[in-house]
Amino acid sequence: MNYLKLDGSFVKDMVIDPIDHAIVEAVTQIGHVMKLKTIAEWVENEATLLALKAIGVDFAQGFGIGKPELFL
């Protein structure tokens, strides 16, 4: 295992919900102690992206980053 994915149900409201923020921060710290890269899903806006960067999350995905693309 090389990556730890942060569930979007915690990520999506982390800028307005201190409990979700604490969960995302704690899981990120645990992942990094385990030498894993962290990926946050459901990043819908700039505020969430900035909060994730401040915590140290390694990667982000969601409509706030870009729309999904179909590869054929």
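Throughout, read-outs are computed from the coordinates displayed, never taken from laboratory work. Predicted model only: the values in this text are computed from it and were never measured. Every residue, glycine as well, gets a Cβ built from its backbone with ideal geometry; the counts of neighbours run over all protein chains shown.
Within the option set Gly62, Gly31, being buried (at least 19 other Cβ atoms within 10 Å of the Cβ), under 15 Å from Met1 (Cβ atoms) and touching a strand residue (DSSP E or B) at 6+ places or on another chain (Cβ under 9 Å) holds for one residue only, Gly31.
Residues of segment 1-44 that are of a type outside the set (Lys, Arg) and in a strand (DSSP E or B): Tyr3, Leu4, Leu6, Thr38, Ile39, Ala40. Lys53 passes every criterion in (1) in a loop (DSSP other than H, G, I, E, B); (2) closer than 18 Å to Tyr3 by Cβ; (3) charged (D, E, K, R) apart from (1).
Pairs are defined by a Cβ separation below 8 Å, a sequence spacing of at least 6 or placement on different chains, a first member in segment 10-27 that is over 13 Å from Ala54 (Cβ atoms), and a second member that is assigned to a loop (DSSP other than H, G, I, E, B) and of a type in the set (Val, Ile, Thr); the pairs so defined are Val11/Val43.
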